[in-house]
Amino acid sequence: MKDTNPITVQITINAALANVWSAWTTPQEVMHWNRPFSHWHCPVAEINLTEQGTFLLRMEAKDGSEGFDHAGQYDKILLHERIEYTTKEGRKSKILFTSDGNSTKVRETFEPDSSISFKEQRAFVDNILANFKKHVENR
């Protein structure tokens, strides 16, 4: 039996809120950090950041051996504060952005995929957030 409780992950980035938001929501930026492993990449990032707008993020191994589309529709957008969306599989996710002067906390809560272990999904998203932090802080 898989855990169906929401998963929450968070990270603090040493950057201003506007910079963090931009890196999270700009397709060209997303393609640089949205990968769970060093041998993966994100060759496609399509983002229509409006309520009812859609998104498509393609993540795959660089050798093409495996990959998937993370896609869905935005439900709620509050500039520099919150993004809520529903994936094409019907799972809900909420990302909160909180500024503390020169740093920004990103907190993501999402409904897990029942076919993948809770531990694997948490590690997957933790890795993506670590890549995001590194990207934002080094740009």
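For segment 1-59, which GluC sites (Glu not before Pro) are both in a DSSP coil and crowded by at most 15 other Cβ atoms within 10 Å? Here the GluC sites (Glu not before Pro) that fit, given the DSSP loop and packing criteria, are GLU51. Measuring r between the beta carbons of SER38 and GLU120 and using R0 = 22 Å, the FRET efficiency lands at 0.80. Subtracting the Cα-Cα distance of LEU79 and THR8 from their residue separation scaled by 0.36 nm leaves 23.5 nm. A convex hull fitted to the Cα coordinates of segment 61-139 yields 125 cubic angstrom per residue. Projected label points at ALA61 and HIS135, each 7 Å from Cα along the beta carbon direction, are separated by 2.2 nanometres.
Throughout, read-outs are computed from the coordinates displayed, never taken from laboratory work. All of these numbers come straight from a predicted model, not from anything done at the bench. Note that each Cβ is placed from the backbone with ideal geometry, even for glycine, and that neighbours are counted across all protein chains shown.
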